[in-house]
Every structure is written in structure tokens, then in C-alpha cells.
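Step one of this worksheet: look at the structure below.
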Amino acid sequence: MNPSCPACLAGPTSIEGHADLTVRTVGSTLLTFQCRRCQRNWARSMQGGIFTWKPIDAQSARTLAMGTAVPPRSDPFDEPSPGS
Ligand SMILES: [Zn+2]
């Protein structure tokens, strides 16, 4: 795994997280983001009116992708084949 960029090391905050995060998936209560600099995945949820960020791995990013996928420019969001 790539080393985290300084912004991810510090941790995302507020609604946008940090400037290099791009939205991967949008759900009703949870959004997933990926950092353009270090490819780290993050999930953002809302709890009590406060945005809560947690780091997730790529597999979790797929599992959590309950909403509409936002296709990245040239990085297809492949599904693993079941049972392999
Ligand atoms: Zn980063």
C-alpha cells in the first residue's frame, strides 16, 4: 500500500474531508471517497449532525457501495467474482 499523504495522515475533516478526496460512491447515509494522492479509501457518515470519517480498505469500499457508483476516470470499479 502506498504511504498516506499528509492530508490523509492528518485525517479528513468536515464535509469535504480534504482537497484530494474524490467521491467514489454515494449512499443515503454514507459516502465513500478515495484520495487522488495516496489512493486511500475513506467512508464518511453523519452522526448527530457531525461528519465522521473512517479509513476503509478497497473491499470495504465495494461492500459499502450501496448507492450510486461514481465512475472514476480510468479505474473501473471491478467486482470480484464470487467464490474465487
Ligand atoms: Zn491521501
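Does ALA10 meet the test of being in contact (Cβ under 8 Å) with a residue 24 or more places away in the chain and hydrophobic (A, V, I, L, M, F, W, C)?
Taking the combined requirement at face value, the residue does not satisfy it.
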- Note on the structure: Residue count, segment 17-40, condition at negative phi and within 13 Å of the ligand (Cβ to nearest atom), comes to 12
- Message: Residues to consider are THR63, THR22; find the one that is modelled with pLDDT of 90 or more, β-branched (Val, Ile, Thr) and loosely packed, with under 14 Cβ neighbours inside 10 Å.
- Response: THR22
- Query: Within segment 47-60, can you find the residues that are farther than 15 Å from ALA19 by Cα, assigned to a strand (DSSP E or B) and at pLDDT 85 or above?
  - Reply: ILE50, PHE51, THR52, LYS54, PRO55, ILE56
- Note on the structure: Picking from ALA43, ALA10, the residue that is within 16 Å of the ligand (Cβ to nearest atom) and at pLDDT 95 or above would be ALA10
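The values are calculated or read from the model by the stated rules, or taken from the named source; none is laboratory data. What you see is a predicted model, and the numbers here were worked out from it, not measured in a lab. Methodologically, a virtual Cβ is constructed for each residue, glycine included, from the backbone with ideal geometry; neighbour enumeration extends over all protein chains shown.
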